[in-house]
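Asks: Below are the structure tokens for one structure; questions will follow.
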Amino acid sequence: MNKNRVKENIIVVVVGILVLLILTNIETLRGIVSFIAGVFIPVTIGFIIAYILRGPFNFMRDKALRYKGDGTRLDNVKPGLALLLSYTMFVGVVTILLMIVVPQIWESINTLVPEIQKQYYVAEQYVEVLWKELNMAEPEIWEQIEDVWQQVLLFITGWLSNIVPTLMGWFFGFTSSVVNMVIALVFSVYFLLSKEMLSRQTKQVVYAIFKEDVADYLVHVKRVFDKAFSGFITGQLLESFIVGVLCFIGMMILGFPYVMLVSVIIGATNIMPMVGPFIGTVPASFIILMADISNPMQVVWFVLFIVVLQQLESNLIYPRVVGSSLGLPGFWVIFAITIGGNLLGLPGIILGVPSAAAIYKLTREATYKRLNEKHLKIQ
């Protein structure tokens with residue numbers, strides 16, 4: 001047995017032991033990851049903001065203001081001006097959305113709860129009249145049905161009351177802590193202004209520590225992850241916004257109730273690839289049903305509308321907005337969503353997908369490289 005084979009066997013054994021340790025200590029690992037994520041919340045939010053604004057910042061600096069980096073006084077002012085314009089645009093868009101969306105959502109939630117109670121009594125009277133018309137001789141059947149109905153209603157309303165605040169809390173949660181938000185904004189400013197310098201310094205450290213071929217590969221890994229995260233986060237946010245706007249316009253045209261609340265739910269859940277549309281449609285359909293429980297066909301038409309909207313999103317909007325930044329088969333998307341969700345909840349679902357996409361690309365590159373070295377072609 002040659003040295004390469006021994007080395008490969010050792011790597012396989014070590015990886016197997018690590019996987020076993022992770023699986024047997026998943027709760028401990030989840031606690032550690034949650035603690036680290038909590039400590040680095042401002043930095044994480046700062047990275048996300050910087051990723052979102054990197055495109056507008058680069059456009060303002062390089063295209064609009066034509067920054068050259070020649071060291072002149074006028075040229076040195078351009079990055080700061082581009083940063084100011086980018087953040088002004090970002091804060092303006094967020095402020096406008098909050099001013100438009102929040103009051104309507106609050107109004108919809110305040111009217112939804114009484115409407116649920118009203119529709120419950122309507123349904124109760126309808127079923128009672130139905131059983132009387134059928135001359136039911138066994139009143140205990142009605143009592144059993146009423147108990148089941150109450151349990152179902154309590155379950156659904158409790159679930160809805162949990163999922164709506166969760167979605168809205170996630171959507172606006174980063175504004176709840178002023179200190180963390182200020183720190184995150186400061187971090188994002190430094191990330192944008194110093195991204196070239198940080199990249200250069202990181203590269204210098206890597207090449208100083210590792211051999212040149214290893215350093216080349218680590219720099220390549222960094223580029224793959226950077227492309228996956230930047231493309232996914234900015235593209236997914238933009239795509240979700242477009243889907244939410246289209247949902248709002250379509251619901252207004254078709255005359256569905258609770259337009260703003262449902263559109264926010266559909267747009268927000270669409271950030272999650274694949275499972276997002278299904279997650280958002282369930283509470284949205286229930287909200288539509290509670291608007292008029294005597295007209296269940298309205299829910300059917302709403303579901304058909306969402307199906308058409310998702311087909312439009314998956315076949316037209318997603319390829320153009322997100323493009324090939326994901327490049328991950330559906331099985332591994334579900335796998336990444338499951339693992340990320342178990343570790344970090346909703347942030348883990350979102351961040352796990354671009355991480356898995358980067359790992360998948362690197363693994364595929366390494367696999368094909370080894371197969372080519374061995375002159376093998378596996379179908």
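So that you can scan it fast, the table gives a plain yes or no per residue for (1) within 19 Å of Ala336 (Cβ to Cβ); (2) crowded, with 17+ Cβ neighbours inside 10 Å; (3) not polar (S, T, N, Q):
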residue	(1), (2), (3)
Gly267	no, yes, yes
Pro273	yes, yes, yes
Val282	no, no, yes
Ser285	no, yes, no
Met290	no, yes, yes
Ser314	yes, no, no
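Asks: Do any residues in the range 48-68 that are touching a residue at least 12 places away in the same chain (Cβ under 8 Å) and in a helix (DSSP H, G or I) have Cβ atoms under 8 Å from those of residues that are open to solvent by 60 Å² or more (accessible area, probe 1.4 Å) and among the hydroxyl-bearing types (Ser, Thr, Tyr), where the two are at least six apart or on different chains, and which pairs are they?
Replies: Listed pairs, sorted by first residue: Arg61/Tyr67.
Asks: Sort out which residues of the range 272-314 are under 28 Å from Phe229 (Cα atoms) and hydroxyl-bearing (Ser, Thr, Tyr), and write them in order of number.
Replies: Thr281, Ser314
Asks: Could we say that Leu326 is modelled with pLDDT under 70 and not polar (S, T, N, Q) here?
Replies: yes
Asks: Something else: When the range 242-261 is examined, which residues are found to be touching a residue at least 24 places away in the same chain (Cβ under 8 Å) and within 27 Å of Gly352 (Cβ to Cβ)?
Replies: The answer is Ile242, Val243, Gly244, Leu246, Cys247.
Asks: Return only the number of the condition from (1) at pLDDT 70 or above; (2) within 21 Å of the chain's Cα centre (by Cα) that Ile17 does not satisfy.
Replies: (2)
Asks: Right, here's the next one. Which one of these is open to solvent by 40 Å² or more (accessible area, probe 1.4 Å), at pLDDT 85 or above and either farther than 25 Å from Glu365 by Cα or hydroxyl-bearing (Ser, Thr, Tyr) (or both): Leu185, Leu254, Leu237, Leu193?
Replies: Going through Leu185, Leu254, Leu237, Leu193 in turn, the sole match is Leu254.
Asks: Follow-up question, since we're still on this one. Residues being in a helix (DSSP H, G or I) and either at pLDDT below 80 or open to solvent by 30 Å² or more (accessible area, probe 1.4 Å) (or both): count how many of those fall in the range 332-379.
Replies: Of the residues in that region, 33 qualify.
Asks: Sticking with this one: Taking Ile233, is it without any contact (Cβ under 8 Å) to a residue 12 or more places away in the chain and part of a helix (DSSP H, G or I)?
Replies: No: the conditions fail for Ile233.
Asks: Under 6 Å between Cβ atoms, which residue pairs at least 6 apart in sequence (or on different chains) link something in the range 84-95 that is surrounded by 11 or more Cβ atoms within 10 Å (Cβ to Cβ) with a partner that is part of a helix (DSSP H, G or I)?
Replies: Close Cβ pairs (under 6 Å, with a partner that is part of a helix (DSSP H, G or I)) amount to Leu85/Met60; Ser86/Leu53; Ser86/Pro56; Ser86/Phe57; Ser86/Met60; Phe90/Leu53.
Asks: Which of the residues belonging to the range 39-91 are out of contact with any Leu (no Cβ under 8 Å at 6 or more places or on another chain), of a type in the set (Ser, Thr, Tyr) and within 26 Å of Gln236 (Cα to Cα)?
Replies: Selection gives Thr44, Tyr51, Thr88.
Asks: Pick from the range 263-313 the residues that are within 20 Å of Phe232 (Cα to Cα) and in a loop (DSSP other than H, G, I, E, B): which of them is modelled with the lowest pLDDT?
Replies: Met274
The values are calculated or read from the model by the stated rules, or taken from the named source; none is laboratory data. Values in this document were obtained by computation on a predicted structure and should not be read as measured data. Ideal geometry is used to build each Cβ from the backbone, glycine not excepted, and the neighbour counts take in all protein chains shown. Calculation scope for accessible area: heavy atoms of the full protein, side chains included, ligands and nucleic acids excluded. Shrake-Rupley method; radii C 1.70, N 1.55, O 1.52, S 1.80 Å.
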